[in-house]
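A quick write-up on the structure given underneath.
The values are calculated or read from the model by the stated rules, or taken from the named source; none is laboratory data. This is a predicted model, so every value here is computed, not measured. So basically every Cβ, Gly included, is an ideal-geometry build from the backbone, and we count neighbours across all protein chains shown.
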Amino acid sequence: MAKITKKDVQPVISKLHLTLQWKKEVRRIVEKEMKDISNSFIKSFMDHPVTKEIKEGPNGSNISGTLGGYSNLFGFIGFHEGDNPILPLENLFKKYSIRIYSRRGNTTVNIEIPTLQDAYAISPMPWASGRSWARGIEVGISGLGRYLAIDAANSRSGEGIQVSKKVRGGTYTRRGYLSPLFKKYKDSIQKLKNQFK
Amino acid sequence: MKPTFQHQLLSSFYLWFDSYLMRKGEAYETFTTNFYYYADERITDKVVFGSPYKQFVVDESVDGAVVLEAVSGDGTAISKGTSGMMVDYENGRLLFDSGFPTGTNLSGRYSVKNFNTYISNQNEEQLILEGKYETNSRYTRELTYIKPYDQVTPAAFLSVEGVNNVPFALGGEDDSVINAKAVVFAENLYELDGILSVFADSNHTCFANIPFTGAPLNEYGDVKSDHYPSGYNYTGLANNYHNDTYMIDNTTVSKFSDRARRVLEPSLYVGFIDFEIHKYRFPRST
């Protein structure tokens, strides 16, 4: 019986990779799997305690534990009442693009997703637009926001106070937020890409 | 306790920040003023003459800046060492041995930093909301001495927020990721934009890991003559440690919004400079 070697099938594989049908099928698989990966990433973002707490607005409780159970991140950061700081991130995270290249028997899948820097750029602190609150969650966040509401009645978050006495020491505790979520997201995408190497 | 990594880091960061701002931003002004006698209860064995400004430029690597080494006393030149003269660069004043005539007319030419630089352990809330700073304006100064010791604005307050050692290579090498920041108080928007611009461009800059003993000033605020017999020169000092550096991987600058500024003294403009600094090191080695 004749033995078929890799060398024998290589020309066929090379030609197969060049066919439109192959590319279409790869795209179909990648799009389907990428949609699942993206949905899973967005779900993990929306289910994160920090996201949930901020989404709850000025009346939420400190479920993230970042403030020792007191107050809430929405007021601590100093958002305006009615703000939805999560929405721009959610919209950003839904974006991705897929490109497929086939050359000489190799198929390369290129998936572009937003970066952490993109996320930081669209999550400005309400009182210092060059700073990102999303990054601040991980590296430490100033409690200035809660003190900067001019008076309780006109408070941006509905619960601020004007400072007249000594300011209490900061009690914010850092925790992982977007970085670990992004790492997991990227790892999943890499696994998907590796399937076509 | 011996000086540890964080001691050395903060000290090195301070020296770099101070010098970089003056070299890249030419952030200094040169004045010729009188010095005014006053009594300082903390230094009773010295005769003190203060200038209207504090934090004189001491770094000779700053092009064009005048580092005060001598003054004129009743028309005669008085150099460092004469009558025990020392220059307190930190507090902007001259110290003489007791017995020096307090009625001497002293004047001198010197450069002053546009921004005083301080190491701070206070958080932003305390710095911005509690801080009551005397303004040491570079533009409209009453011609009398400025009180020593208190922190004055315009100023930059430096602090290290935290260090995170991330495994980097086999053999115990870590990437120490340091989050440092400067809270800046400026007199006007031009000044604030200037300092923010200088440090926004410091991204991907390296600075030397200078030993703790490299701090240029002694307890009187004068240059340590035994360490720096020919004067303190930051770039010269840093070149001695060019194989041991920190790298600034990310810098973000931002301004305190006008709306938020309402809670401040209206004359102050506040900005923030956040640095992410990396250093590859072996934290567990002896």
Inset, instruction - Would you mind listing the helices (runs of 4 or more DSSP H) fully within the stretch B:170-262 where at least 2 residues are within 14 Å of chain A (Cβ to nearest Cβ)? - result: B:189-200, B:258-261
Inset, instruction - Determine the pairs where a residue that is facing chain A (nearest Cβ under 7 Å) and without any contact (Cβ under 8 Å) to a residue 60 or more places away in the chain, located within the stretch B:117-133, has a partner that is surrounded by 16 or more Cβ atoms within 10 Å (Cβ to Cβ) and not in a loop (DSSP other than H, G, I, E, B) with Cβ atoms under 9 Å apart, the partner being 6 or more residues away or on another chain. - result: B:Asn123/A:Leu144; B:Asn123/B:Ser159; B:Glu125/A:Leu144; B:Glu125/A:Arg146; B:Glu125/A:Tyr147
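Going through the stretch B:141-169 one residue at a time, which ones are away from chain A (no Cβ under 14 Å), hydrophobic (A, V, I, L, M, F, W, C) and farther than 21 Å from B:Asp40 by Cα?
Hits for the stretch B:141-169 are B:Ala155, B:Ala156, B:Leu158, B:Phe168, B:Ala169.
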Legend entry - Hey, B:Tyr280 more than 14 Å from chain A (Cβ to nearest Cβ), loosely packed, with under 14 Cβ neighbours inside 10 Å and outside any loop (DSSP other than H, G, I, E, B) or not: yes
Inset, instruction - Please indicate, with yes or no, whether at least one residue in the stretch A:7-21 is within 29 Å of A:Ser188 (Cα to Cα), among the polar types (S, T, N, Q), more than 32 Å from the chain's Cα centre (by Cα) and part of a loop (DSSP other than H, G, I, E, B). - result: yes
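Select from the stretch A:55-71 the residues that are in contact with an Asp or Glu (Cβ under 6 Å, 6 or more places away or on another chain) and assigned to a loop (DSSP other than H, G, I, E, B) and write down the one among them that is surrounded by the most Cβ atoms within 10 Å (Cβ to Cβ).
A:Ser64
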Legend entry - Top-ranked residue in the stretch B:79-100 [being assigned to a strand (DSSP E or B) and over 23 Å from B:Asn233 (Cα atoms); ranked as nearest to the chain's Cα centre (by Cα)]: B:Phe96
Legend entry - Matching entry among B:Ser254, B:Ser267 (being more than 19 Å from the chain's Cα centre (by Cα) and at pLDDT below 90): B:Ser267
